[in-house]
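Shown next, in structure tokens, is the structure this report addresses.
The values are calculated or read from the model by the stated rules, or taken from the named source; none is laboratory data. Please read these numbers as outputs of a predicted model, since none were measured by experiment. Here the Cβ positions follow ideal geometry from the backbone for every residue, glycine too, while neighbour counts run over all protein chains shown.
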Protein chains: 2
Amino acid sequence: MILMLTGYPMDKMQEVEAFFRTGHLQYIPHLSVDCVIFGFHEGELKVLLLKWKHLERWSLPGGPIRRDQSVDETAHVVLKDRTGLDDIFLQQFYAFGSMDRKESVLLELFDRLNVSNHEANWLSERTVSIGYYALVDFSKVNPVPDFFSEACSWWDVCDRPSLLFDHDAMVERALQTLQQQLYYQPIGLNLLPDKFTMPELQQLYEAVLGRKLDRRNFQKKIQKMGIVERLKERRTGGAHRSPYLYRFDVPRYEQALAEGLAYGF
Amino acid sequence: MILMLTGYPMDKMQEVEAFFRTGHLQYIPHLSVDCVIFGFHEGELKVLLLKWKHLERWSLPGGPIRRDQSVDETAHVVLKDRTGLDDIFLQQFYAFGSMDRKESVLLELFDRLNVSNHEANWLSERTVSIGYYALVDFSKVNPVPDFFSEACSWWDVCDRPSLLFDHDAMVERALQTLQQQLYYQPIGLNLLPDKFTMPELQQLYEAVLGRKLDRRNFQKKIQKMGIVERLKERRTGGAHRSPYLYRFDVPRYEQALAEGLAYGF
């Protein structure tokens with residue numbers, strides 16, 4: 001394989017060449033992980049995207065799976081490397097295994113990089129990708145691009161560029177899973193301040209569901225879950241009457257995360 | 001590779017040998033599909049298991065993924081081959097990707113089959129398995145063993161033999177997913193007679209959840225879903241007072257399957 005990289009320092013060129021040429025010895029071929037990292041802050045729902053060098057197009061963060069790492073570990077490393085965040089709720093949601101996942105866009109990249117003989121390369125083969133999603137507070141993250149990308153930034157979920165590969169379908173399916181998850185798992189810890197108002201919690205649910213909710217109905221359902229407690233304090237200083245402050249009951253929240261919420265059947 | 005198979009006719013021996021020797025040309029290495037096929041009938045919840053030849057132990061049905069088939073297609077073929085059933089609700093629930101999935105039991109099988117040099121075989125490598133589950137009426141199925149198994153039969157979910165590989169964890173996770181699914185998707189079509197009583201539908205939910213439900217509460221929630229309609233007929237002839245018959249409102253059932261149930265937030 002001959003590799004001509006423009007715009008990389010010499011040591012990086014060798015690194016990229018080794019990845020293309022002998023990466024299959026270190027990584028499992030035909031398999032990858034992709035992460036839909038949702039970001040929430042003050043009512044806005046965003047998604048973290050990478051802009052590829054040479055292609056000028058965007059995709060989700062992800063990568064191949066090392067032979068000495070589990071699939072879960074790989075997803076955690078992707079999340080940590082792009083956001084600096086650890087110990088975050090990260091959940092597998094779907095394995096994408098259709099026949100047309102041939103990553104043909106990579107061939108275009110190889111062309112731009114002047115990688116010869118790339119059709120026989122391990123990276124050009126059909127790949128099944130295992131999708132994970134996370135929900136983080138985007139105000140606490142400084143996104144970091146990976147080796148093949150020139151930018152890493154937050155985009156509005158509903159107003160984002162069209163993505164490479166089947167990554168648009170991945171974002172839609174991750175969002176659908178997150179919406180279904182609201183039926184049986186709590187969300188909100190780490191996404192809201194320690195003390196929050198009921199309208200702030202409702203904003204989070206509305207951002208995930210993409211629609212307005214009835215205020216009374218929402219409060220009743222949240223209270224039925226038994227994961228928040230009302231404090232004696234109120235939020236003061238706003239234009240409206242002072243709303244009560246709430247906080248998560250962390251042990252009950254953790255229990256609901258492990259066992260599912262008690263409502264339903 | 002030298003292969004000595006006892007108990008197989010000559011043409012089958014050649015087939016098995018070809019599978020071991022050159023299967024990686026036809027199948028994607030490092031990947032497989034496993035199916036948790038739940039069976040329900042008259043209040044009993046079962047799972048379909050295969051008994052391996054030579055090993056005398058049980059596992060879920062499954063297999064490697066052909067290079068010319070999608071992951072979904074592979075799962076449908078497994079379901080069809082073992083049960084004869086087509087057009088059945090079959091859903092991916094999790095990809096199992098831990099480091100210790102090395103299928104070491106297969107090495108034991110290779111030993112029993114006198115397959116030499118098997119440590120370097122494509123089947124001995126670390127494998128990520130993508131799990132699917134289905135829910136069928138077991139009274140309508142004649143289970144068929146696969147090539148490597150001597151029996152295929154229904155076992156009570158709660159009273160089954162301990163399984164090979166990590167298949168016990170797969171059954172538990174599939175059951176948990178099915179239970180969560182009750183919060184946002186309907187079940188029951190194809191599992192109950194065309195006309196059924198409310199206690200019969202409740203029996204299905206109780207079998208999946210593994211616990212008794214309150215009769216009044218259950219009826220209220222089912223009616224709120226809007227997927228069943230009460231008929232004018234009643235079931236007669238039993239020891240108790242004649243209960244009303246119901247049937248699924250199929251268009252609304254299909255809509256709920258596609259879009260999620262309307263309750264929740």
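Could you check, for segment A:76-83, whether at least one of its residues is surrounded by fewer than 20 Cβ atoms within 10 Å (Cβ to Cβ), in contact with a helix residue (DSSP H, G or I) (Cβ under 9 Å, 6 or more places away or on another chain) and not aromatic (Phe, Trp, Tyr)? No, because not a single residue in segment A:76-83 is surrounded by fewer than 20 Cβ atoms within 10 Å (Cβ to Cβ), in contact with a helix residue (DSSP H, G or I) (Cβ under 9 Å, 6 or more places away or on another chain) and not aromatic (Phe, Trp, Tyr).
Just one of (1) within 22 Å of A:Lys80 (Cα to Cα); (2) of a type outside the set (Asp, Glu); (3) in contact with a Leu (Cβ under 9 Å, 6 or more places away or on another chain) fails for A:Phe147. It is (3).
Exactly one residue out of A:Ile227, A:Ile130 is assigned by TED's automatic domain parsing to the domain that holds A:Val16, in contact (Cβ under 8 Å) with a residue 40 or more places away in the chain and closer than 27 Å to B:Gln176 by Cβ, and it is A:Ile130. In segment B:154-170, the qualifying residues are those that are out of contact with any Phe, Trp or Tyr (no Cβ under 9 Å at 6 or more places or on another chain) and within 15 Å of B:Lys46 (Cβ to Cβ), and the one that is farthest from the other protein chains (Cβ to nearest Cβ) is B:Asp159. Just give me the residues in segment A:171-199 being within 20 Å of A:Leu257 (Cβ to Cβ), more than 12 Å from every other protein chain (Cβ to nearest Cβ) and over 16 Å from the mean Cα position of the chain (by Cα), in sequence order. Those that are within 20 Å of A:Leu257 (Cβ to Cβ), more than 12 Å from every other protein chain (Cβ to nearest Cβ) and over 16 Å from the mean Cα position of the chain (by Cα): A:Pro186, A:Leu189, A:Leu192, A:Pro193, A:Asp194, A:Phe196. Against the definition (under 30 Å from A:Trp122 (Cβ atoms), within 14 Å of chain A (Cβ to nearest Cβ), of a type outside the set (D, E, K, R) and free of Cβ contacts under 8 Å to residues at least 24 places away in the same chain), how does B:Val71 come out, yes or no? It is false that B:Val71 is under 30 Å from A:Trp122 (Cβ atoms), within 14 Å of chain A (Cβ to nearest Cβ), of a type outside the set (D, E, K, R) and free of Cβ contacts under 8 Å to residues at least 24 places away in the same chain.
Only one of the listed residues (A:Asp87, A:Asp81) is at positive phi and either among the hydrophobic types (A, V, I, L, M, F, W, C) or away from every other protein chain (no Cβ under 12 Å) (or both). That residue is A:Asp87.
Filtered by the rule that a residue be in contact with a Phe, Trp or Tyr (Cβ under 6 Å, 6 or more places away or on another chain) and either surrounded by 19 or more Cβ atoms within 10 Å (Cβ to Cβ) or at pLDDT below 95 (or both), segment B:171-181 gives B:Ala174, B:Thr177, B:Gln180. Would you mind stating whether A:Leu106 is of a type in the set (A, V, I, L, M, F, W, C) and either more than 18 Å from A:Ser32 (Cα to Cα) or touching a strand residue (DSSP E or B) at 6+ places or on another chain (Cβ under 7 Å) (or both)? No.
Take the conditions (1) assigned to a helix (DSSP H, G or I); (2) surrounded by 11 or more Cβ atoms within 10 Å (Cβ to Cβ); B:Pro161 misses just one of them, which is (1).
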